[in-house]
Amino acid sequence: MACGDCGTGFVAGEKPGFPIPAPAPVGQNHNERHDDGHAIFPLSVARGVTQRPPDEGRGPQRRTFLHAGLCAAATCLAGRTVRAAEPPHDVTFVEDFDELWSTLAQRYCFFSDKQTDWNRVRALYRPMAVRATSTDAFADIVRRVLAELYDAHTHLSQPSDGMPRWPLYDLMANRQADRIRIEAVAEDSAASAAGLRAGDVIAAIDGRPAGQVMRDLMPRCLRGPDRNADTYVANVAVAGRVGQGRTLLLERQGEAPRPVSLPVRKTAAKPDVEWRRLAGNIGYIAIRGFGDEKVVRDFDDALMALRDTGGLVIDVRYDGGGDTAIARPIMGRFIDTPKPYAMMRRRDGSHLGPSWTETVEPAGPFTYSRPVVVLTNHWSASMAEGFPMGMRDIGRAIVVGTPMMGLGAAVFPICLDRTGIQAQYSAEPVYDTAGRPRWKMQPDICVPEGGDILNAGLRALHAS
């Protein structure tokens with residue numbers, strides 16, 4: 001996403017396009033707690049955290065809070081009548097397919113922004129579910145169904161080895177006819193270690209032409225072309241497959257085409273919160289995830305140590321997101337009265353219902369009142385997009401960096417009742433308090449690709 005006008009107004013869901021299925025039971029697994037943490041039902045259900053498999057190394061570990069306890073129970077067929085005369089796949093896989101399709105038909109929030117024909121999705125993939133002979137085969141059908149929405153926030157929770165990775169991984173890219181142009185490279189990744197850089201062009205992936213790879217990944221149930229679908233499949237293509245390395249055929253101006261090997265990169269885990277004191281009595285706190293209550297305690301400890309600083313940098317680059325329940329008390333350290341920080345909506349039949357306002361309360365033993373900047377990049381995802389937006393909306397931070405990942409909604413989890421397959425989907429669009437969509441948010445100070453975001457943040461801090 002290039003820097004520019006972020007647009008105004010509630011754009012999601014304003015025009016027709018939502019499929020309205022016949023009412024269908026959706027099971028008991030939808031105790032909905034989305035990864036932006038707005039709890040619709042009590043939060044006593046056990047939390048689970050899904051993230052990339054441990055061998056996936058760098059790349060955003062986007063955390064999604066799912067009800068692991070409920071999903072474990074859902075895998076059990078106790079209490080159900082199993083009709084022995086019917087093949088298991090006719091009962092299990094088809095019923096789970098219907099549950100998935102109906103749930104998203106009723107609750108997915110971005111249909112009106114997509115070219116996806118959801119009824120055609122059912123017509124294409126339901127017969128595949130009928131023919132599926134294993135849970136693994138059915139899981140791949142579920143993956144393909146979700147990919148028809150070309151939404152990086154809607155996917156299987158734990159893709160198996162060999163399945164496509166979620167985008168963004170370690171490259172941000174755009175489609176360029178039958179090639180893929182790299183727009184940004186994640187630091188400390190296999191791609192950066194191999195010397196890939198913005199402007200490079202990928203002609204082939206694992207020995208197959210990039211155009212063919214993208215055609216294979218392209219949703220099959222679109223009413224018409226969509227540039228966003230092209231961008232989505234380009235990023236899925238260069239991300240490769242879970243548990244596997246990649247070989248990219250690189251084309252760079254002035255050089256002969258050459259293969260570049262990107263092995264699976266294992267890196268040591270870093271703490272979710274780190275802090276230090278910078279020159280000029282400026283505090284620096286990096287937050288790498290909003291997925292654990294310990295993050296709040298660690299942030300409080302860091303802020304206590306930095307309470308005498310003249311300004312503060314909060315770095316949410318490469319933060320995969322998490323839970324509003326974690327981010328809110330951190331925002332609360334910077335205000336002394338309650339303040340609105342976001343607006344949200346939800347499906348109401350064939351359209352999005354009215355918005356409601358989310359509010360943050362003051363928190364902690366003292367209010368930090370000195371200037372604050374929040375640093376972002378393309379790998380700031382989900383709640384790591386909501387946090388800088390919220391800090392700006394409560395009037396307590398300047399946002400400096402690149403546009404973020406563009407995940408525009410809180411997600412709901414779904415655990416299919418019979419197979420126990422877990423996934424998530426975009427359900428509640430998020431807006432700032434002026435009604436501007438989060439997925440179009442731009443930094444206050446936009447740093448060019450390859451620019452020094454930290455130094456830009458420090459300059460903004462001193463100027464304020």
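Applying the Karplus relation 6.51 cos²θ - 1.76 cosθ + 1.60 with θ = phi - 60° to the stretch 370-387 yields 3J(HN,Hα) values of 7, x, 9, 10, 10, 9, 10, 8, 5, 9, 7, 10, 6, 5, 6, 9, x, 5 Hz, where x marks Gly and Pro. Electrostatic tally near Ile335: other residues with Cβ closer than 9 Å to its Cβ, Lys and Arg +1, Asp and Glu -1, net +1. Label separation (Arg220 vs Asn119): 2.0 nm, computed from points 7 Å beyond Cα along the C-beta direction. Taking amide hydrogens as placed 1.01 Å from N in the peptide plane, the amide H of Val399 sits under 5 Å from those of Val374, Asp444, Ile445, each at least 5 positions away in sequence or on another chain. Between the stretch 234-263 and the stretch 405-464, the C-alpha centres lie 27 angstrom from each other.
Please report Ser261, Ser355 as a ranked list, fewest other C-beta atoms within 10 angstrom at the top and most at the bottom.
On the way: Ser261 10, Ser355 16.
In increasing order of surrounding Cβ atoms, one gets Ser261, Ser355.
Couplings 3J(HN,Hα) of the stretch 154-164, computed from phi: 10, 5, 4, 6, 9, x, 6, 3, x, 7, x Hz, in residue order, whole Hz [Karplus 6.51 cos²θ - 1.76 cosθ + 1.60, θ = phi - 60°; x for Gly and Pro]. Distant-in-sequence amide contacts of Val260, defined by a placed amide H-H separation under 5 Å and a gap of 5 or more residues or a different chain, comprise Leu248, Leu249, Leu250.
Which peptide among 121-128, 379-386, 163-170 comes first, and what is the full order, when sorted by highest mean count of other Cβ atoms within 10 Å?
Details: 121-128: 16.8, 379-386: 29.5, 163-170: 23.2.
Per-residue Cβ counts within 10 Å, averaged per peptide and sorted highest first, yield 379-386, 163-170, 121-128.
Partners of Lys339 within straight-line reach, counting lysines whose Cα lies under 27 Å from its Cα and excluding those fewer than 8 residues away in the same chain: Lys294, Lys440. Would you mind getting me the FRET efficiency between Asp308 and Arg258? Use the beta-carbon distance for r and R0 = 56 Å, nearest 0.05. The formula returns an efficiency of 0.60 here. Here's how it looks for Glu358: its modeled amide H is under 5 Å from those of Tyr341, Ala342, Met343, Met344, which are all 5 or more places away or on a different chain.
Here the 3J(HN,Hα) profile of the stretch 275-292, calculated from phi with Karplus coefficients 6.51, -1.76 and 1.60 at θ = phi - 60°, is 9, 7, 9, 8, 4, x, 6, 10, x, 9, 10, 9, 10, 9, x, 10, x, 8 Hz, Gly and Pro shown as x.
Readers should treat all values here as calculations from the given coordinates under stated rules, not as data from a laboratory. Owing to the predicted nature of the structure, the values given are computational and were not obtained by experimental measurement. So basically every Cβ, Gly included, is an ideal-geometry build from the backbone, and we count neighbours across all protein chains shown.
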